[in-house]
Every structure is written in C-alpha cells, then in structure tokens.
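A short worksheet on the structure shown next.
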Amino acid sequence: MSKDGVVADEAIRAAWDSYRVLEKRTSAQERLQAEHRVKDAMDTCGREEVSRGTVFLVGVLTGYLIAERSGGEDRLDPLSDLIPAVIRRLPTFEMADPAQLPMATGVLMAAAMGMDTVAWRDRFGPIPPEEALVHGFVLWLLADLFDSLINRPGAIDRMMRETFEAMATEHS
C-alpha cells in the first residue's frame, strides 16, 4: 500500500471504471471492458488499492462540486447541500451497508475541508469490501450530481476519460 495519499494510477483508473460499470449509459461492450480493467487492476494492485482509488476520486469530484462555478452561480455548500444530498441518497442502493455511512460521510467531510481524502481514510486502516462498495456508490452519486448541475448527462465521464487518456499519453 502506498503512503501519504498516493494511489497507483491504474487503481484510480479502475475506480473510475467501477463507476462506469454502475452507470446505465455505459454500453454493454464498454461495461465489459471496464469490468476487465477493474479485475486486472485488482489482480495487479490489489482490491485495497482500487478502493483507495475510489476514495481519491470521491475527493476529486467533491472538490469540483464545491469549487466556484463559472457565470457567478452559487457554489454548493458542502455541509448544507452536498454531503446531506449524497448521504440521503445512499440507501437507494440496496447493497449499501448503513454501517458504512459514517466513514463515507467522513471521507466527504475531509474532501469538503480540502484534506487529502486518501491520507485521511488511511488513518483508519484497510478499507473493508462493504465500505469500498459504499464509496463506489458515493462516487456514482457525485458524478450524477455533477452531470445534473451542468445539465449534461455523461459530461463528467467524458472529462475523466479524457484525463486518463492524457495521462496514458504522458506515460508512453
């Protein structure tokens, strides 16, 4: 496991692929490719590192959502708007274990306070599978909220995939 909030690039990509598996707009072929990349990353980096990648992306998307928006629009207040909206919607995922909500809330709070979400979460030890699943649902909810706020379904997915493609080109 990495230290100080550093997460393997492959694990971050796999964490986003986990989102793509949940997203209904992902085509069957793309979903299958995403599932393979997640499995490969878990085999290479480990389930724990992919879970840490999800925590990292929760921090990234939270930062996007609470940042100043163009056009002078009011930004989302993390304490009164963002975090309650996400936490309230988590029970709609039948597989979301309610016992994991405090840690998911903590990760969102750390992100809202500008903290390194991975370093913050690492202080509590390994991420168990049931908690990792909840972080995946949080990531999906944040992505859905992002797309809804700008009224462009799939916008965050395109932006993230372009980022991963640019990263791959840099490393080539």
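Take the alpha carbon gyration tensor of segment 1-62, find the square roots of its eigenvalues, order them as a ≥ b ≥ c, and report rounded if a/c is under 1.5; if not, report prolate when a/b exceeds b/c, else oblate. Each step should come with its number before you reach the end.
Working: a/c = 3.30, a/b = 1.49, b/c = 2.21.
In terms of gyration-tensor shape, oblate.
Within the chain, which whole H helices from DSSP have a Cα span along their axis of at least 27 Å and a mean Kyte-Doolittle hydropathy of 1.0 or more, if any?
Values: long enough: 47-66 (29 Å, 0.74); 129-150 (32 Å, 1.09).
Length and hydropathy pass: 129-150.
How would you order 79-89, 54-64 from highest to lowest mean count of nearby Cβ atoms within 10 Å? Show your work: numbers first, answer last.
Numbers: 79-89: 15.5, 54-64: 23.7.
Peptide ranking by packing, descending: 54-64, 79-89.
For the chain, what does the relative contact order come out to in percent, with C-alpha contacts under 8 Å and a separation of six or more?
Numbers: 196 pairs, mean separation 47.7, N = 172.
The value is 28 percent.
Report, as a whole number in µm² per second, the diffusion coefficient that Stokes-Einstein gives for segment 32-172 at 25 °C and 0.890 mPa s using the Kirkwood radius over alpha carbon pairs.
On the way: Rh = 15.9 Å.
Value of D from the Cα-based Kirkwood radius: 154 µm²/s.
Which residues does the label zone of Glu94 cover in segment 6-22, counting backbone N under 19 Å from a point 7 Å along Cα→Cβ?
Output list for this probe position: 21-22.
Could you tell me which residue out of Gly5, Thr26, Met42 lies farthest along the dipole of segment 1-60 toward its positive end? Charges go on the beta carbon: Lys and Arg +1, Asp and Glu -1, centred on the Cα centre.
The listed residue farthest towards the positive side: Thr26.
Segment 88-150 to segment 1-53: how many Å between their Cα centroids?
15 Å
Read-outs: derived from the displayed coordinates by stated rules, not from any lab. Since this is a predicted model, take the numbers as computed values, not measurements. FYI the Cβ positions are ideal-geometry reconstructions off the backbone, even for glycines, and counts take in every protein chain you see.
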